[in-house]
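Visitor: Quick one: this structure, given as structure tokens, is what I'll be asking you about.
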Amino acid sequence: MRVTRFAPSPTGYLHIGGLRTALYSYLWAKKANGKFLLRIEDTDQKRNSREAAEAIEEAFRWCGFEHDGEVIYQSKRFDIYKKYIQQLLDEGKAYYCYMTLEELDEMRKAQQAKGERPRYDGRYRDFCGEAPEGVEPVVRIKAPTSGVIEFVDGIKGEMKFNVEDMLDDFIIARSDGTPTYNFVVAIDDALMGLTDVIRGDDHLSNTPKQIVVYEALGFEIPKFYHVPMILNPSGKKLSKRDGAMDVMEYKRMGYFPEALLNFLVRLGWSYGDQEIFTLKEMIELFDPSDINKAPSAYNPEKLLWINAYYMKTLPYERIIEALKDLGFELSDHPKRELLIDALRERAKTLVEFIEMANKIIHKPESYDPKAVDKFINEESKALLAEYLKSLKAHGEIGDAESFEAFIKSFLDSHGVKLKILAQPLRISMVGSSVSPSIYDTMEIIGYGELVERIEKFLKHIA
RNA sequence: GGCCCGUUCGUCUAGCGGUUAGGACUCCGGCCUCUCACGCCGGCAACAGGGGUUCGAGUCCCCUACGGGUCACCA
């Protein structure tokens, strides 16, 4: 059974880079009917991991994917880690080191001054003398001192690290007894039964260390996939300044999770020329070995385009639901489907959709002066008044087609072109010179409301 | 600095020794048209540089340049 995981450190929110690796892990697990686990790496204990986990789960829910099983908190597993530290100590695979922070610092400086790589010199590796007074020791693992550590990365290929210029006896337990990252990651990944570890390639050079732990503990080494990171639009490291880092910010900006996921899955991965993927297709087609080796830049225009695509193609119910998530209730509007069809080709985001919809649903509060200036003159004013008169004389009209037929015959009998009447009508209805088709707009607002809006506008320009 | 990773249009990418180097986003034209969009048609635009290997290199090898990651009692 394939088991993958997402293992963020609690930063308070989920960012798009994290979401992408989570997505990759999720897809890869689901493809094999395996498990996708969530673990919070909170050995640091400085931040509130509960809150962070909730933020991540909220983002997961929004995106429509759930992890299997309970969330695992490393902060609650210190007993387990302690047991393994003791085991390594007992087996002579780890040892206490009594160097102080100052000594360590001094040693590093000296090494750097000589142009050497800063590293622990192993002075307590085989120490059996009297422990120095007043020093709480750390625990270091006995790493190999020569040779190479090799593994095959599912994305980068064959990896070879020279032990001499890569490793030293790194710390697995701090002087306060708490375990360190590279140690607990290996233990948890093993204990949780991970078969495939998909993570950011900033972890690539941690992998040899973790392999040392796997081997010391006799655990089976999983398959690693190191995903290149996401860059900002100018090709630099992505930072908070580059816009919305919090995934939930995309919800607030009016993006569909379908669109964000689709955008993210294509960032660094592709399947031929295909641009649009349903979640089902992603699960079917995704393979981490097809992920590109090079980092890729985040491209907001493309995301917007994908979102617009989903706006145009998603079923009514889904759009209504997404609007509701943003606090916009459309489900009881009698003309909701026509309204959606009228706006879905114009709005690129749900936020834009709501703005446009509000312009149609509510009477204009004001009229764009530029539009009035440009399209209203004595002729068009008279024509609009004339149109209102015949509209009232005609009585109730229901659908867009009938509104169109009525206008056609009105124009014919007055010998004028639609162009002269269309914009004044539009301004009457929505207060500006931009809107969906005037006929659709008429049907959506309805006959009575139409009459009222024209009257109101006529009064305004009188 | 050591080690490691990477480099095809501005961006996301296809390509897995023989292609007029394909698609998508953006941008620019045109068509459609009641405005704005959508849609459709068309256009601009790339193999980082240099050496090899080969009949033939975007594809294989080496070097250089540039970009990135990592070297903690952070994760």
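The values are calculated or read from the model by the stated rules, or taken from the named source; none is laboratory data. If you're wondering where the values come from, they're calculated on a predicted model, not measured in any experiment. Methodologically, a virtual Cβ is constructed for each residue, glycine included, from the backbone with ideal geometry; neighbour enumeration extends over all protein chains shown.
Visitor: Looking at (1) under 28 Å from A:Asp44 (Cβ atoms); (2) near RNA strand B (Cβ under 9 Å from one of its atoms); (3) surrounded by fewer than 11 Cβ atoms within 10 Å (Cβ to Cβ), which one does A:Asp153 not meet, given that it meets all the others?
Guide: With respect to (1) under 28 Å from A:Asp44 (Cβ atoms); (2) near RNA strand B (Cβ under 9 Å from one of its atoms); (3) surrounded by fewer than 11 Cβ atoms within 10 Å (Cβ to Cβ), A:Asp153 is out only on (3).
Visitor: Mind checking which residues of the stretch A:104-139 are near RNA strand B (Cβ under 9 Å from one of its atoms) and of a type outside the set (Val, Ile, Thr)?
Guide: Once the filter is applied, which keeps residues that are near RNA strand B (Cβ under 9 Å from one of its atoms) and of a type outside the set (Val, Ile, Thr), the stretch A:104-139 yields A:Leu104, A:Asp105, A:Arg108, A:Gln112, A:Gly115, A:Glu116, A:Arg117, A:Pro118, A:Arg119, A:Tyr120, A:Glu136, A:Pro137.
Visitor: Here is a further query. Looking at A:Asp121, A:Asp169, A:Asp176, A:Asp189, which is the one that is over 24 Å from A:Leu204 (Cα atoms) and of a type in the set (Asp, Glu)?
Guide: None of the other options fit; the residue is A:Asp176.
Yes/no matrix, rows are residues, columns are (1) under 30 Å from A:Lys237 (Cα atoms); (2) in contact with a helix residue (DSSP H, G or I) (Cβ under 9 Å, 6 or more places away or on another chain); (3) more than 8 Å from RNA strand B (Cβ to nearest atom):
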| site | (1), (2), (3) |
| --- | --- |
| A:Leu304 | yes, yes, no |
| A:Tyr309 | yes, yes, no |
| A:Thr313 | no, no, yes |
| A:Tyr316 | no, yes, yes |
| A:Glu321 | no, no, yes |
| A:Lys324 | no, no, yes |
| A:Lys335 | no, yes, yes |
| A:Leu339 | no, yes, yes |
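Visitor: Can you tell me which residue among A:Arg117, A:Arg108 is assigned to a helix (DSSP H, G or I) and of a type in the set (D, E, K, R)?
Guide: Every option except A:Arg108 fails the conditions.
Visitor: Further question: Collect the residues in the stretch A:98-119 that are surrounded by fewer than 16 Cβ atoms within 10 Å (Cβ to Cβ) and either among the basic types (Lys, Arg) or under 19 Å from A:Lys209 (Cα atoms) (or both), keeping them in residue-number order.
Guide: Across the stretch A:98-119, the qualifying residues are A:Arg108, A:Lys109, A:Lys114, A:Arg117, A:Pro118.
Visitor: Within 16 Å of RNA strand B (Cβ to nearest atom), part of a helix (DSSP H, G or I) and crowded, with 17+ Cβ neighbours inside 10 Å: which single residue out of A:Tyr84, A:Tyr95 fits that description?
Guide: Matching residue, one of A:Tyr84, A:Tyr95: A:Tyr84.
Visitor: What single numbered condition from (1) crowded, with 24+ Cβ neighbours inside 10 Å; (2) of a type in the set (A, V, I, L, M); (3) near RNA strand B (Cβ under 8 Å from one of its atoms) fails to hold for A:Ile198?
Guide: (3)
Visitor: Residues of the stretch A:267-284 being charged (D, E, K, R) and either in a helix (DSSP H, G or I) or touching a residue at least 12 places away in the same chain (Cβ under 8 Å) (or both), which ones?
Guide: A:Glu275, A:Lys280, A:Glu281, A:Glu284
Visitor: Here is a follow-up. List the number of the failed condition for A:Asn182; all other conditions in (1) buried (at least 16 other Cβ atoms within 10 Å of the Cβ); (2) assigned to a loop (DSSP other than H, G, I, E, B); (3) free of Cβ contacts under 8 Å to residues at least 40 places away in the same chain; (4) near RNA strand B (Cβ under 10 Å from one of its atoms) hold.
Guide: A:Asn182 satisfies all of (1) buried (at least 16 other Cβ atoms within 10 Å of the Cβ); (2) assigned to a loop (DSSP other than H, G, I, E, B); (3) free of Cβ contacts under 8 Å to residues at least 40 places away in the same chain; (4) near RNA strand B (Cβ under 10 Å from one of its atoms) except (2).
Visitor: Among the residues of the stretch A:256-300, how many are under 30 Å from A:Leu326 (Cα atoms) and of a type in the set (Lys, Arg)?
Guide: Count: 2.
Visitor: For the stretch A:369-462, list the helices (runs of 4 or more DSSP H) that sit wholly inside it and hold at least 3 residues that are over 45 Å from the mean Cα position of the chain (by Cα); which are they?
Guide: Ranges flagged: A:378-394, A:400-414, A:418-430, A:447-461.
Visitor: Among the residues of the stretch A:404-427 satisfying the criterion of being free of Cβ contacts under 8 Å to residues at least 60 places away in the same chain and under 24 Å from A:Glu365 (Cβ atoms), which is farthest from RNA strand B (Cβ to nearest atom)?
Guide: A:Pro424
Visitor: Taking interchain pairs and intrachain pairs at least six residues apart, which have beta carbon atoms under 7 angstrom, with the first residue in the stretch A:205-219 and in the same structural domain as A:Asp90 (by TED's automatic domain parsing) and near RNA strand B (Cβ under 10 Å from one of its atoms) and the second aliphatic (A, V, I, L, M) and part of a helix (DSSP H, G or I)?
Guide: A:Gln210/A:Val185; A:Gln210/A:Ala186
So that you can scan it fast, the table gives a plain yes or no per residue for (1) assigned to a loop (DSSP other than H, G, I, E, B); (2) in contact with a strand residue (DSSP E or B) (Cβ under 8 Å, 6 or more places away or on another chain); (3) at pLDDT 90 or above:
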site	(1), (2), (3)
A:Val135	yes, no, yes
A:Val139	no, yes, yes
A:Ile155	yes, yes, yes
A:Glu164	no, no, no
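Visitor: On the basis of being in a helix (DSSP H, G or I) and near RNA strand B (Cβ under 8 Å from one of its atoms), does A:Ala294 make the cut?
Guide: Spelling it out, it is not the case that A:Ala294 is in a helix (DSSP H, G or I) and near RNA strand B (Cβ under 8 Å from one of its atoms).
Visitor: On to the next question. If A:Lys456 satisfies every condition in (1) touching a residue at least 24 places away in the same chain (Cβ under 8 Å); (2) out of contact with any Ser or Thr (no Cβ under 9 Å at 6 or more places or on another chain) but one, which is the exception?
Guide: Against the list (1) touching a residue at least 24 places away in the same chain (Cβ under 8 Å); (2) out of contact with any Ser or Thr (no Cβ under 9 Å at 6 or more places or on another chain), A:Lys456 comes up short only on (2).
Visitor: I'm told A:Glu133 meets every condition in (1) surrounded by 11 or more Cβ atoms within 10 Å (Cβ to Cβ); (2) over 42 Å from the mean Cα position of the chain (by Cα) except one. Can you identify the failing condition by its number?
Guide: Every condition holds for A:Glu133 apart from (1).
Visitor: Name the one entry in A:Ile340, A:Ile354, A:Ile320, A:Ile360 that is of a type in the set (A, V, I, L, M), under 17 Å from A:Arg252 (Cβ atoms) and either assigned to a helix (DSSP H, G or I) or free of Cβ contacts under 8 Å to residues at least 40 places away in the same chain (or both).
Guide: From the options A:Ile340, A:Ile354, A:Ile320, A:Ile360, the qualifying one is A:Ile354.
Visitor: Now for a separate question. Can you pull out the residues in the stretch A:267-287 that are within 9 Å of RNA strand B (Cβ to nearest atom) and buried (at least 20 other Cβ atoms within 10 Å of the Cβ)?
Guide: Selection gives A:Leu267, A:Gly268, A:Trp269.
Visitor: Oh, and also: Mind telling me which of the residues A:Glu449, A:Glu443 ends up being closer than 16 Å to A:Ile397 by Cα and either more than 14 Å from RNA strand B (Cβ to nearest atom) or small (Gly, Ala, Ser) (or both)?
Guide: Of the residues listed, the single one that is closer than 16 Å to A:Ile397 by Cα and either more than 14 Å from RNA strand B (Cβ to nearest atom) or small (Gly, Ala, Ser) (or both) is A:Glu449.
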